[in-house]
Amino acid sequence: MLTNLISIVDDDASVLRTSTLLIESFGFRAAGFESAELFLRSGELHETSCLIVDVRMPGMSGLQLQSKLAALDCKIPIIFITAYDDKASRMRALEAGAVAFLGKPFSDEILLQTIRSALRGQLGVRKNLISLVDDDESIRRTTTLLIESFGFHAAAFESAESFLKSGQLHETSCLIIDLQMPGMNGLQLQSQLAAAGYKVPVVFITAYDKEESRQQALQAGAVAFLSKPFNDGLLLQTIRAALRQDGGNAKSK
């Protein structure tokens with residue numbers, strides 16, 4: 001692991017210092033730069049295995065640095081970090097190939113997992129669509145942003161019925177479902193998908209964790225049954241476990 005150099009570009013000296021120490025504690029080599037211009041002029045540019053970049057900085061911004069590296073045909077995996085998470089910047093970064101877009105503060109575990117994904121060259125995760133079905137608007141909004149920060153595509157639906165009617169059903173690689181919802185509940189949606197022959201991996205989330213419901217969901221093939229609130233690292237691990245399942249969202253013949 002020590003052969004990998006992780007470079008951090010951030011104009012905040014305290015963030016630069018703590019991030020460098022954290023990355024070194026993971027067992028990587030780390031180099032910190034207070035501006036994009038300093039990084040580009042450094043000898044570490046061609047040694048860098050993964051680049052962690054702040055979005056907003058004086059001079060060249062993180063997004064401008066990403067564009068500059070692309071123009072130079074420098075294919076370093078990039079992780080964006082920001083205290084100002086806006087959807088336009090997030091989409092621009094991810095569409096240009098960023099591994100992830102993390103809002104400050106983020107947990108040590110999320111950073112480590114994201115770096116490992118970058119080093120494994122997992123830019124392909126963005127091909128995966130993660131669909132979320134939850135009648136709670138605030139949960140839909142925050143969970144969608146979190147999933148996108150991991151580098152996946154995300155689509156959110158307020159009901160099982162709206163998900164079934166959408167064109168996203170056949171594109172979904174992993175389905176995250178609330179258990180209790182008006183109309184069709186999560187268990188009923190799971191049953192309907194199974195009856196129709198869809199093998200999309202299902203992850204249940206609920207604020208009402210009952211053993212009977214948990215057993216019913218898992219026995220019917222759910223990947224996991226998570227109680228709200230759950231931590232970011234657990235959700236990321238669960239999604240990855242779901243995507244490793246054979247069959248994807250293919251329909252049985």
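Numerical summary
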read-out: The stretch 42-145, accessible area per residue, ligands and nucleic acids excluded (1.4 Å, Å²); value: 47
read-out: Label point 7 Å beyond Cα of residue 13 along Cβ direction - residues of the stretch 24-40 with amide nitrogen under 16 Å; value: 32-35
read-out: Amide proton proximity set for residue 102, modelled H, under 5 Å, gap of 5+; value: 80, 81, 82
read-out: Whole-Hz couplings from phi, Karplus 6.51/-1.76/1.60, listed for the stretch 12-25; x for Gly and Pro; value: 8, 4, 5, 5, 4, 5, 5, 5, 5, 5, 5, 5, 5, 5
read-out: Packing-based ranking, highest mean first, of 107-114, 37-44 given that Cβ atoms within 10 Å are counted; value: 107-114, 37-44
read-out: Amide H contacts under 5 Å for residue 224, placed H, 5+ residues apart; value: 204
read-out: Accessible surface ranking that places the most exposed of 153, 46, 170 first, with a 1.4 angstrom probe; value: 46, 170, 153
read-out: Flagged links, alpha-carbon separation over 29 Å, of 87/228; 75/199; 104/210; 199/228; 104/165; value: 75/199; 104/210; 104/165
read-out: Tensor-based shape of the stretch 143-253 (alpha-carbon gyration tensor, a/c under 1.5 rounded, otherwise prolate or oblate); value: rounded
read-out: Cα gyration tensor shape for the chain, rounded if a/c is under 1.5, else prolate or oblate; value: prolate
read-out: The chain - mean residue ellipticity at 222 nm from DSSP helices (-39,500 (n - 2.57) per run, n ≥ 4, rounded to 500); value: -11500 deg cm²/dmol
read-out: Percent RCO, i.e. relative contact order, over the chain, from Cα pairs under 8 Å lying at least 6 residues apart; value: 12
read-out: Carbon plus sulfur fraction of accessible area for the chain, probe 1.4 Å, in percent; value: 50
read-out: GNM flexibility winner over the chain from 228, 165, 68 (Cα, springs under 10 Å); value: 165
read-out: Note, ³J(HN,Hα) from phi for the stretch 143-152, Karplus 6.51, -1.76, 1.60, rounded to Hz, x at Gly and Pro; value: 6, 4, 4, 5, 4, 5, 5, 6, x, 9
read-out: Residues with amide H under 5 Å from that of residue 30, placed H, sequence gap 5 or more; value: 6
read-out: Karplus-derived HN-Hα couplings along the stretch 234-245 (A = 6.51, B = -1.76, C = 1.60, θ = phi - 60°), whole Hz, x at Gly and Pro; value: 5, 5, 4, 4, 5, 4, 5, 5, 5, 6, 7, 5
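The values are calculated or read from the model by the stated rules, or taken from the named source; none is laboratory data. Owing to the predicted nature of the structure, the values given are computational and were not obtained by experimental measurement. Here Cβ is always computed from backbone atoms with ideal geometry, including for glycine, and neighbour counts include all displayed protein chains. These area figures cover heavy atoms from the full protein model, side chains too; ligands, DNA and RNA do not enter into them. Shrake-Rupley method; radii C 1.70, N 1.55, O 1.52, S 1.80 Å.
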